[in-house]
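Accompanying notes for the structure given below.
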Amino acid sequence: MIALEIAGLSKTYGSVRALDGVDLTVEAGTVHCVLGENGAGKSTLCHAVGGSLTPSAGSMSLFGTRYAPRRPKEAIAAGVAMVHQHFSLVSTLTVAENLRLLRVGGLAARLERLADRYGLAVPLDETVGDLPLGVRQRVEIVKALLREPRLLVLDEPTGVLGPAEVDALLTTCRRIADDGGAVVLVTHKLGEVARVADVATVLRGGKVAGSGLTDLSADNLIPLMIGRPADDLAPVLAGTLGLSEVVVRDERAIDQAPVLSLRDISVTRPGGGYLLENVDLDIAPGEIVGVAGVEGNGQTELIHVLSGALVPDAGTVELAGEDLTRATPARRTAAGLGVVPEDRHHEGCVPELDVATNLYLGRLGEYRRFHVLLDKKAMRSAATAVIEKHGISAPGPAAPMSALSGGNQQKVVLARELALDPLVCLAAAQPTRGLDVGAVDAVLGRIRAAAAAGAAVLVVSSELGELLALCDRVVVAYRGKLSEAIVAAAPGAHDKIAHLMIGATA
Amino acid sequence: MSAVLEEILSGGVRLAAPLLLASAGELVSERAGVLNLSVEGMMLTGAFAGAAGAMVTGSAVAGVACALVAGLLVALIQAILSVTLRADQIVTGITANALALGATTYGARLLFTDGSSLEGFAALPIPVLSEIPLIGPALFEQTALGYLAFAVAAALAFGLSRRFTWGLAIDAVGEDTLTADRCGLPVRLIRYAAVLLTGATAGLAGADLALAEVHAFSDNITGGVGYLAVVAVIAGRWRAWPTVLACLFFGVAQALQFAAPAVGLHVPAPLLVTIPYVIALLAVSGLVGRSRAPSGLTVPFARTA
């Protein structure tokens, strides 16, 4: 039985075609994976099915009847449940209150059924904001299943989960399909597809690049996703795409004294407890150290302590012997500390200003005429050179940042930090998030080059494979603490880190 | 001494009544994510319409009905601007207040020319209860509008509780409109209802000022009470009962200025008038407990994807 049939679905934003004549058929009782790189149109497709946006053209039908939701409420009423990429739970409310917002009768009985059938038990009286992300994801799934939907759509649900939580989620998807439900799992991780999907559809550039696929091997899917053969895929990409085999970089001897030293850093949580607890970290020149971990275990705060957005309650940050614990961002920049923040839209750039200004906002003093006037011409020509060098796809140096895609914004931010002279230390949080395959390659290459040129590099990422391929050593963040460093090239490193990520002692 | 205290308390409760009404509505609206600075303008328009209605019809109750309608009209404008058109809530609020001040002052020149007193509400003492020393006259010797104010405040405080689906829905909309929308909640409808509720209660508050307090309309009769209602919500940290307490406290603080000479306290009156605002500043700057506004306050809703 056909659960969802999409025919010729298109969505245009101005001149951009986010979806271009997409056809998709989802059978009941199957898990149907929709694959694609970032920007392939996966999320747009989800929003159209979920009623969050109205398509420009095309039609949908649900179990044989015409389906054209104008708002999420109508999608819900039709029996479609969404699990969004960004959680849609009110973080200040408790789990029970969030579930009550759905206004379904017999809540307790339904919850019990879900707990019995899928092992989905949730802590009802906890405030959502206090819960680990894995538990929040479970609440999200419970919320979606409460109304007993006929079609469940999950939009990149595993991005913030640890390996064990991903397993649990995929098992749940499988069981729902086995119970006769239809599941659409949107992802860019091929490893997940191979494990759970019955059928896959690949999107590329808003169009269907392959449909009804049952050969779910990476060799078959990758060329469809990226539009070229998989041979030239860098080993790091394999990690990013969630493939099982990861090529770890060779072990290198680091014999220099550390240049960046974090000593006993603690940041207390406003409600009690610690966001960071007694964190020690040393990085030598030329060394790349990765911070692994499920999101929300103190990585964000660690980067904030380095960027100066957060002053730790205890401990010191030293760079080349200089105490930067309480230094202003300008002082840090002058000392050669570059930081690529996790949230590039809010912390990394000013979206309303043009690319050139974003590149040189911290160094306007170098572009002066007559001491008071800004030499825009010089600034823009310098920016043009940077745009070319880093392969940033932008209309020009005078284009506003907001006109650039997320990946290109990331490249601008990275280019700015890499341009520090001298670059003593680079800290990058989730540097490849939201980038397409080509951009990932470029960004990781530049990070490697920075290390080769003698910078100490810290990379925070939730992609374990990426860290293993990029870093010399990896530490794991769990509940505000950092584990002992694990040499990435050592045998068994992957399993050891995966264990530490969920708090199990390896 | 106890007579003075009784005086301060009953004056405080009387002055708190319009504050209670206005901030009860404002609290609901802010919990739903709409900051109505225009509550001042709603009150002022309500006071004017109440006075005009009472004068034309000769009935105070008809005046209250006019005040209610006038408050709702200003609220409707605010709601259209801030919810449907997604205009900046602070700018629209201040503009609405300036407009209300100009329009009512002009209207007063045309209507209220003889300076005579209006048909208003008299105090309705409740037998026995109003004989209780100290708090008796304060709580049980109010006008009908005064009692109504307390009833409305209590009802809203109770109704905002998260034990009820609507209280929960209002909070969800005020915290995160997108999430609320994805849960199937009617986000715009809830925000409209919340703003209109503020209009109704602020209109009543205006009527209370003109018909129960002063028995006349004077230019800018509210004189910032609406802003004080917004402040009471902040000082009450967006929770119902603390907001009620803040209103009572501000009322008593205002009453002090009238009682100060009686107890031989010779503080210049203009200084006393500032007390509620000083407290408000302290509250906002975080000295009186830690404040946390609803995350979605002043954030317009758009179903972007």
TODO: Hand me the GluC sites (Glu not before Pro) from region A:446-506 located in a DSSP loop with no more than 16 other Cβ atoms within 10 Å, in residue order please.
DONE: A:E484
Task: Drop in accessible area of at least 10 Å² in the complex versus isolated chain, residues of region B:170-187, 1.4 Å probe - done: B:A172, B:E175, B:D176, B:T179, B:D181, B:R182, B:C183, B:G184, B:L185, B:P186
TODO: Specify, per residue and in Å³, the volume enclosed by the convex hull of the alpha carbon atoms belonging to chain A.
DONE: 155
Task: On Cα atoms only, tilt of B:240-259 relative to the major axis of chain B in degrees - done: 30
Task: Label zone at A:R448, where the point sits 7 Å out along the Cα-to-Cβ direction: region A:265-290 residues whose backbone N lies under 17 Å - done: A:286-290
Task: Rounded tilt (10° steps) of B:144-159 against the dominant C-alpha axis of chain B - done: 30
- [ ] Would you mind working out the accessible area per residue for region A:2-232, using a 1.4 Å probe, and quoting it in Å²?
- [x] 39
Open item on the list: Loop-only trypsin sites (Lys or Arg not before Pro) in region B:12-102, please: DSSP not H, G, I, E or B, and at most 13 other Cβ atoms within 10 Å.
Closed with: B:R86
- [ ] Can you tell me what the convex hull of the Cα atoms of region A:355-431 projects to on average, as an area in nm²?
- [x] 5.4
Open item on the list: How much of the DSSP bridge set in chain A is antiparallel, in percent, rounded to the nearest 5?
Closed with: 55
TODO: Express the carbon and sulfur contribution to the solvent-accessible surface of region A:2-232 as a percent, rounded to the nearest whole number, probe 1.4 angstrom.
DONE: 48
- [ ] Express in whole angstrom the spacing between the alpha-carbon centres of region A:416-494 and region B:110-135.
- [x] 74
Open item on the list: Can you compute log10 of I(q)/I(0) for region B:99-243 with the Debye formula, treating each Cα as one identical point scatterer, at q = 0.09, 0.18, 0.19 Å⁻¹?
Closed with: -0.41, -1.16, -1.22
Task: Extension gain from A:S61 to A:E148, taking 0.36 nm per residue of separation minus the Cα-Cα distance - done: 29.4 nm
Task: For region A:354-506, accessible area per residue (1.4 Å probe, heavy atoms of protein chains only), Å² - done: 42
TODO: Using a 1.4 Å probe over the heavy atoms of the protein chains, calculate the carbon and sulfur portion of the accessible area of region A:344-496 as a whole percent.
DONE: 54
- [ ] Post the alpha-carbon centroid distance, region A:333-350 to region B:36-75, in whole angstrom.
- [x] 53
TODO: Between the chain alone and the structure with every protein chain in place, find the residues of region A:85-116 that drop at least 40 Å² of accessible area; heavy atoms, 1.4 Å probe.
DONE: A:S88, A:V90, A:T92, A:L93, A:E97, A:R100, A:L101, A:R103
TODO: Taking chain A as the reference, fit the longest principal axis to its C-alpha atoms, fit the long axis of helix A:133-146 to the helix C-alpha atoms, and give the angle between the two in degrees, 0 to 90, nearest 10.
DONE: 20
Task: region A:1-86: trypsin sites (Lys or Arg not before Pro) falling in loop per DSSP and having at most 12 other Cβ within 10 Å - done: A:R70
- [ ] Would you be so kind as to list the residues of region A:10-49 that have their accessible area lowered by at least 30 Å² in the full protein complex compared with their chain by itself (1.4 Å probe)?
- [x] A:H47
TODO: Rounded to the nearest Å, what's the spacing between the alpha carbon centres of region B:254-280 and region B:144-214? Just the number, please.
DONE: 31
Task: With at most 16 other Cβ atoms within 10 Å, longest stretch of chain A clear of loop chymotrypsin sites (Phe, Trp or Tyr not before Pro) (DSSP) - done: A:64-369
- [ ] Mind giving me the nanometre distance, one decimal, between the label points for B:S117 and A:A309, set 7 Å out from Cα along Cα→Cβ?
- [x] 6.3
- [ ] With a 1.4 Å probe on protein heavy atoms only, work out how much accessible surface A and B bury together, total over both chains, in Å² to the nearest 100.
- [x] 1900
Task: Per-residue average of Cβ from other chains inside 10 Å of A:66-72 - done: 2
Open item on the list: Check which residues have an amide H placed less than 5 Å from B:T298's amide H, if you skip close sequence neighbours.
Closed with: B:V34, B:L35
- [ ] Return the lysines within reach of A:K143: Cα separation strictly under 21 angstrom, same-chain partners fewer than 8 residues apart disregarded; answer none if there are no such residues.
- [x] A:K73
TODO: Starting from the eigenvalues of the Cα gyration tensor, five times each then square-rooted, give me the equivalent ellipsoid semi-axes of region A:2-232, largest first, whole Å.
DONE: 28, 20, 17
Task: A:D255-A:R368 FRET efficiency (beta carbon distance; Förster radius 51 Å; 0.05 resolution) - done: 0.75
Open item on the list: With a 1.4 Å probe and all protein chains left in place, how much of the accessible area of chain B comes from carbon and sulfur atoms, in whole percent?
Closed with: 71
Open item on the list: To make sure I understand the rule: partners must be lysines, Cα under 17 Å from the Cα of A:K189, and not fewer than 8 residues away in the same chain. Which ones qualify?
Closed with: A:K42
- [ ] With label points built 7 Å along Cα→Cβ from the Cα atoms of B:L245 and B:L281, find their separation and express it in nm.
- [x] 2.4
Open item on the list: Suppose R0 equals 22 Å. What FRET efficiency, 1/(1 + (r/R0)^6) with r the Cβ-Cβ distance, do A:A28 and A:N220 give to the nearest 0.05?
Closed with: 0.30
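The values are calculated or read from the model by the stated rules, or taken from the named source; none is laboratory data. Source: prediction; values computed, not measured. All Cβ positions, even for glycine, are placed from backbone atoms using ideal geometry, and neighbour counts span all protein chains on display. To get the accessible areas, we keep the full protein, side chains included, count just its heavy atoms, and leave off ligands, DNA and RNA. Shrake-Rupley method; radii C 1.70, N 1.55, O 1.52, S 1.80 Å.
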